[in-house]
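Take a look at the structure set out below.
The values are calculated or read from the model by the stated rules, or taken from the named source; none is laboratory data. Here the structure is a predicted model, which means the values were calculated and not measured. Methodologically, a virtual Cβ is constructed for each residue, glycine included, from the backbone with ideal geometry; neighbour enumeration extends over all protein chains shown.
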Amino acid sequence: MSELTPTEKEANLKFLKEIFFDWPNYENIVYVDPGIEDCIMAYDGDKLVGHVVITRRVVEHNGKVFQVGGTGDLAVAKDYRKIGIGKILDQKCKEILKANNFDLGLAFCHPEVEKHHLANGWIKKEKGIIWATIGGVKEKQNIAIFWPIKLSDEEIKWWNNDEIDIGVGSW
Ligand SMILES: CC(C)(COP(=O)(O)OP(=O)(O)OC[C@H]1O[C@@H](n2cnc3c(N)ncnc32)[C@H](O)[C@@H]1OP(=O)(O)O)[C@@H](O)C(=O)NCCC(=O)NCCS
């Protein structure tokens, strides 16, 4: 993330604000988390057409510390959707999560994009609630999906069933 040039950062923010224009308070929570580790961008020539970030949260649950890789701000330009760019961003994310000592990937999604994630191998949390404090507000995440990397079968059950508070961050 620190390797982004100011021009790239500005272009990314413009792109994201256009896509998430109807998300209240979005401009105050995007790109503010010190835990942001990686930013993946897709281009058509010079044109930015896809984006996703990975944010780290260290979460303790049932006495075990998990390195959680949150994927957020996933967006593909309107004219470039449904040709597989979202899938490629997802694959890159997984490569980065695997290579950087994360125990699991975690994302919160809107109902309309749930199918996209499940088609790419994410697991939908069926029971229990994930709480995340974002922008000073503790929110219940209605749709949480996860991708196990270094979880035992027992830990997969925890992430699938338990109420888990992942603490404070912008994602
Ligand atoms: C969610 C989002 C990132 C998906 O990006 P995308 O690039 O369209 O994703 P993909 O192309 O990989 O897959 C989308 C669909 O196109 C289909 N598709 C992919 N390549 C295709 C091809 N060559 N021909 C026909 N269909 C294709 C996929 O099978 C998938 O189908 P489905 O909707 O029936 O599951 C995009 O819709 C988006 O930016 N939405 C707005 C922002 C948003 O809501 N972000 C998520 C916040 S939680």
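Can you tell me which residue within the range 45-62, out of those that are under 12 Å from Tyr31 (Cα atoms) and among the aliphatic types (A, V, I, L, M), is farthest from the ligand (Cβ to nearest atom)? My answer is Ile54.
In the range 124-148, how many are of a type in the set (Val, Ile, Thr) and farther than 20 Å from Glu114 by Cα? Of the residues in that region, 3 qualify. If the condition is being exposed (fewer than 15 other Cβ atoms within 10 Å of the Cβ) and either more than 10 Å from the ligand (Cβ to nearest atom) or of a type in the set (S, T, N, Q) (or both), then the range 75-117 contributes Asp79, Gln91, Glu95, Lys98, Ala99, Asn100, Asn101. For first residues located in the range 6-18 and modelled with pLDDT of 95 or more, partners that are charged (D, E, K, R) and outside any helix (DSSP H, G or I) and lie 6+ apart or on another chain with Cβ distances below 8 Å form the pairs Leu16/Asp73. Selection of first residues in the range 27-38 that are under 14 Å from Asn12 (Cβ atoms) and of second residues that are of a type in the set (Gly, Ala, Ser) and in a loop (DSSP other than H, G, I, E, B), restricted to Cβ pairs under 7 Å at least 6 apart or on distinct chains, gives the following pairs, ordered by first then second residue: Val32/Ser170. The residues on offer are Trp171, Trp147, and the sole one that is within 12 Å of the ligand (Cβ to nearest atom), among the aromatic types (Phe, Trp, Tyr), surrounded by 17 or more Cβ atoms within 10 Å (Cβ to Cβ) and over 16 Å from His61 (Cβ atoms) is Trp171.
Scanning the range 16-29 for residues that are of a type in the set (A, V, I, L, M) and either touching a His at 6+ places or on another chain (Cβ under 6 Å) or within 12 Å of the ligand (Cβ to nearest atom) (or both) returns Leu16, Ile19. Checking Ile123 against (1) at pLDDT below 90; (2) in contact with a Phe, Trp or Tyr (Cβ under 9 Å, 6 or more places away or on another chain); (3) surrounded by 15 or more Cβ atoms within 10 Å (Cβ to Cβ), which single condition isn't satisfied? (1) is the only condition that Ile123 fails.
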